[in-house]
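Structure first, then comments.
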Amino acid sequence: MKHILIVLMALGMVTACGVSRQSVADAPEQGLELVADDSLEYELVVLDPGFTSFLATQPPAEHYSQSYYEGWNHRYVLEWNSRHRHPLRYGDFYQTEIQYDPHTDYGLELNYQLYYYFQFIEQEYGIELIRRR
């Protein structure tokens with residue numbers, strides 16, 4: 001299976017003492033890294049070139065509620081990470097573990113983008129992560 005750069009998540013938060021940079025997951029060869037910087041907002045960066053045009057064809061973020069996206073993202077991340085931990089069964093596509101805390105408020109926009117990233121993976125690569133029928 002082709003190796004692709006999966007996801008690069010940049011997470012930021014303000015600290016009272018200035019900028020704090022901390023690597024939470026360090027897997028640069030796989031394209032996923034979580035970092036804290038001096039921003040109040042979270043950002044999701046996907047390095048797959050087709051994702052941006054795919055996202056542009058989706059309904060606006062407000063189409064569903066943030067809790068809707070969070071619920072699905074939690075389920076998708078659990079499934080993704082399970083497949084990541086079992087490469088002999090699922091192959092090497094899931095090279096990166098996704099660090100997603102369901103108790104953290106990532107905001108509507110990040111949850112929207114992450115949700116549609118999973119939709120993109122399912123449609124673009126024909127991978128059914130969660131049976132929704």
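The values are calculated or read from the model by the stated rules, or taken from the named source; none is laboratory data. Note that the structure is predicted; figures quoted are calculated from it, not measured. Don't worry about glycine lacking a Cβ; one is built from the backbone with ideal geometry, like all the others, and counts go over all protein chains shown.
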>> I'd like to know if region 52-64 contains one or more residues that are of a type outside the set (A, V, I, L, M, F, W, C), at pLDDT 95 or above and closer than 18 Å to Tyr100 by Cβ.
In response: yes
> Just to be sure, is Ser82 polar (S, T, N, Q), at pLDDT 95 or above and exposed (fewer than 12 other Cβ atoms within 10 Å of the Cβ)?
Replying inline: no
> Name the residues in region 49-79 that are of a type in the set (Gly, Ala, Ser) and exposed (fewer than 13 other Cβ atoms within 10 Å of the Cβ), would you?
Replying inline: Gly50, Ser53, Ala56, Ser65, Ser67
> If you go through region 51-79, how many residues are out of contact with any helix residue (DSSP H, G or I) (no Cβ under 6 Å at 6 or more places or on another chain) and not polar (S, T, N, Q)?
Replying inline: 13
> Mind checking whether some residue in region 99-106 is under 19 Å from Glu62 (Cβ atoms), at pLDDT below 95, crowded, with 16+ Cβ neighbours inside 10 Å and out of contact with any Asp or Glu (no Cβ under 7 Å at 6 or more places or on another chain)?
Replying inline: yes
> Which one is surrounded by the most Cβ atoms within 10 Å (Cβ to Cβ), of the residues in region 107-133 that are under 15 Å from Arg75 (Cα atoms), touching a residue at least 40 places away in the same chain (Cβ under 8 Å) and in contact with an Asp or Glu (Cβ under 8 Å, 6 or more places away or on another chain)?
Replying inline: Asn111
